[in-house]
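Report on the structure given below.
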Amino acid sequence: MPSPDLIIVNASILTMNSNRPRAQAIAITRGKITEVGTDDQIKALMTPNTRMIDAEGGTVLPGFIDSHVHLFQGSAELDFLPVGGKTHLSDIRQDVIDYATARPDEPLVLGTGAFYDLFIGVDKDPRHLLDDILPDRPFALLGADVHTVWANSAALEKAGLLNGAEMPQGSTVVMGEDGLASGVLHETGAFGPVLALSRTGGRDMLGYVTGADPVPPATPEERAADKDLLLKGLDHCASHGITTLHNMDGNNYMLELLSELEKESKLKCRIQVPFHLKNFDPVERLDEAAELHRKYNSEMVWSGRVKMFMDGVLESRTALVTRPFPDTPDNIGEAVFDQDHFNEACIKADAMGLQISTHAIGDLAVRRTIDGYEAAAKINGTRDARHRIEHIELITDQDFPRLKELAIVASMQPRHAPFAGFFEPIEPDTILFTHEYSHFCAWRRIRDAGIALTFSTDWPVVPVDVMANIQCAVAPLDLGEGWMDQSQTLMETLESYTALNAWLGFREDHQGKLAPGYDADIVMLKGDIEATDPNDLANLGIALTICNGKITYDARG
């Protein structure tokens, strides 16, 4: 056996391997884990060419697998104006002016991570409020959930939306009483033209907005800029201990760029990119998904999955629900796909052996997604498909057992929940009735029902900070009467970020655990996670990240 390239000793290792759950040291050779054991056992394998890392008692885990991100968008947002956490327009005014002044050639001044609270209780259309801040240049705010954009007059006019426009199902240009666009743009069909004004030309959003490649094709200079952008995002992910990403939007263009970076040996994370089927696409477009699956299937970059959206989000009242919203009694949200179209897409994708992940937030959207997966199973027969529902923020009692019966994976995001404390609290009888609280972000109920529960961030909706999300799951806030305790144990949460997410990506035989023969994807923390107060987990930093046996992030100095 060759001598190890690298060993880690003096560690508190949580292997996620039931055959040997704990260890002190680990050896890595040519990108693989070769031994896991005691300090003495692993040190005995050293040669003069072996590098030794002292974990100083810190926890060592399989590298985090973030199973729901939007890499291209998150990468781009690192260079735009962050406005997250602000709840009044007056709080962002000077930041916007300073940002715009410092970038006189910026084609679209874009603030990202905007909360809906900025426009609650205001007495003017958002278009006019944003005109008051920046009247003479295109200016827009992208909602934190990436489902709404608020734009000023200059942006709307340049995007061809000021007088309204015909929209695909599920997308809306909200019109004002003056007959012009109010500045509120719901969903991708509406805000895509505005984001296309940005310095990225909207290429970072194409996998989300259309699922198609740039038209006209990106120039060599644009391709180079986009690759640099992706590398910046991947560096950012590695700094949070992440070794694998499951992207939630995609196109051939993004896969091409990532594959080029792989050939250049520049990738710091593994990444799966799906084919995004839009509601205006014929199901025949799924043939492109099969081609992406055939074309991209390496250990670092692969496809094999179809992404769809069934509804919007609760904050904009576009989530599809089984009853009208408490504060808008004539509205049950927006269905992105009609049921027959969705069922047909599920049947075809499943028959092609592709995995499906569907965004469904409202309880009616969840039910219709389950219906589509059930239709596929009835036509094609059951198989180990691991189809996923993304978010499941609200679910009815009658649909809980259906997830289990159909072996559907619940893909959820701890920091989205109201008891995470990241977003503003939910006011009673606005988007939820108080009797529905126990059905909202019901992690505990889902796990206790024997349903596979995986965790992720949904970056850039929230920061790609795994440790903060772990804290949200392990130590959620107590919101009082009506809210169930949805807290997870530490080991449940870690499994949902490692071994279970590897299983979700059909890679459980060589990723997600620290065992001989497995890929050397590893994260080392700055302390002992089990000895850390659950309410302080977000502050337990990443010391080292290793992907494919290579150090991709090192904070040790």
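The values are calculated or read from the model by the stated rules, or taken from the named source; none is laboratory data. Note that the structure is a prediction, hence the values are computed from the model and not measured. Using ideal geometry, Cβ is built from the backbone for each residue, glycine included, and neighbour counts are taken over all protein chains shown.
The table below gives the values:
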item	result
Selected residue (criterion: surrounded by the fewest Cβ atoms within 10 Å (Cβ to Cβ)) from residues of segment 315-330 that are of a type outside the set (D, E, K, R) and within 17 Å of Leu185 (Cα to Cα)	Ser316
Segment 368-394: number of residues that are among the polar types (S, T, N, Q) and assigned to a helix (DSSP H, G or I)	2
Residue in segment 41-57 that is touching a Gly at 6+ places or on another chain (Cβ under 8 Å) and in contact (Cβ under 8 Å) with a residue 12 or more places away in the chain present	yes
Residue in segment 467-475 that is of a type outside the set (Val, Ile, Thr), part of a loop (DSSP other than H, G, I, E, B) and either in contact with an Asp or Glu (Cβ under 7 Å, 6 or more places away or on another chain) or surrounded by fewer than 17 Cβ atoms within 10 Å (Cβ to Cβ) (or both) present	no
Residue match in segment 12-34 (condition: crowded, with 17+ Cβ neighbours inside 10 Å and farther than 25 Å from Leu500 by Cα)	no
Tabulated pairs, segment 133-152, first without any contact (Cβ under 8 Å) to a residue 40 or more places away in the chain, second among the β-branched types (Val, Ile, Thr) and surrounded by fewer than 24 Cβ atoms within 10 Å (Cβ to Cβ), C-beta under 9 angstrom, 6+ apart or interchain	Leu134/Val96; Leu134/Ile97; Trp150/Val184; Asn152/Ile133
Residue that is surrounded by the most Cβ atoms within 10 Å (Cβ to Cβ) [pool: residues in segment 395-454 that are of a type in the set (A, V, I, L, M), under 19 Å from the mean Cα position of the chain (by Cα) and in a loop (DSSP other than H, G, I, E, B)]	Ile408
Number of the exception - Thr188 against (1) touching a strand residue (DSSP E or B) at 6+ places or on another chain (Cβ under 6 Å); (2) over 16 Å from Pro107 (Cα atoms); (3) not small (Gly, Ala, Ser)	(1)
Helices (runs of 4 or more DSSP H) within segment 204-275 that include 3 or more residues touching a strand residue (DSSP E or B) at 6+ places or on another chain (Cβ under 8 Å) and without any contact (Cβ under 8 Å) to a residue 60 or more places away in the chain	252-263
Count of segment 336-376 residues which are of a type in the set (Asp, Glu) and touching a residue at least 60 places away in the same chain (Cβ under 8 Å)	3
Verdict on Val462 being out of contact with any Cys (no Cβ under 6 Å at 6 or more places or on another chain), β-branched (Val, Ile, Thr) and within 22 Å of Leu364 (Cα to Cα)	no
Restricting segment 199-234 to residues that are among the aliphatic types (A, V, I, L, M) and within 13 Å of Leu255 (Cα to Cα), the residue that is modelled with the highest pLDDT	Leu230
Qualifying residue in segment 129-149 (condition: small (Gly, Ala, Ser) and surrounded by fewer than 18 Cβ atoms within 10 Å (Cβ to Cβ))	no
Residue check for Ala196: in contact with a Gly (Cβ under 6 Å, 6 or more places away or on another chain), modelled with pLDDT under 95 and of a type in the set (A, V, I, L, M, F, W, C)	yes
Cross-chain or 6+ apart pairs with Cβ under 6 Å, segment 483-505 first and in contact (Cβ under 8 Å) with a residue 60 or more places away in the chain and in a helix (DSSP H, G or I), then aromatic (Phe, Trp, Tyr) and crowded, with 24+ Cβ neighbours inside 10 Å	Tyr497/Phe64; Tyr497/Phe455
From the options Pro168, Pro216, Pro193, residue that is touching a helix residue (DSSP H, G or I) at 6+ places or on another chain (Cβ under 6 Å) and either surrounded by 24 or more Cβ atoms within 10 Å (Cβ to Cβ) or not aliphatic (A, V, I, L, M) (or both)	Pro168
Test: residue in segment 67-82 that is hydroxyl-bearing (Ser, Thr, Tyr), modelled with pLDDT under 95 and in contact with a Leu (Cβ under 8 Å, 6 or more places away or on another chain)	no
Criterion (under 23 Å from His68 (Cα atoms), modelled with pLDDT under 95 and among the acidic types (Asp, Glu)) met by exactly one of Glu315, Glu299	Glu315
Candidates Leu185, Leu161, Leu180, Leu156 - the one that is hydrophobic (A, V, I, L, M, F, W, C), closer than 22 Å to Thr101 by Cα and outside the structural domain of Gly312 (by TED's automatic domain parsing)	Leu156
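Here's the yes/no breakdown for (1) in contact with a Pro (Cβ under 7 Å, 6 or more places away or on another chain); (2) among the charged types (D, E, K, R); (3) more than 19 Å from Leu286 (Cβ to Cβ):
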site: Asp330; (1), (2), (3): yes, yes, yes
site: Cys346; (1), (2), (3): no, no, no
site: Gln355; (1), (2), (3): no, no, no
site: Val366; (1), (2), (3): no, no, yes
site: Asn380; (1), (2), (3): no, no, no
site: Arg383; (1), (2), (3): no, yes, no
site: Arg386; (1), (2), (3): no, yes, no
site: Ile395; (1), (2), (3): no, no, yes
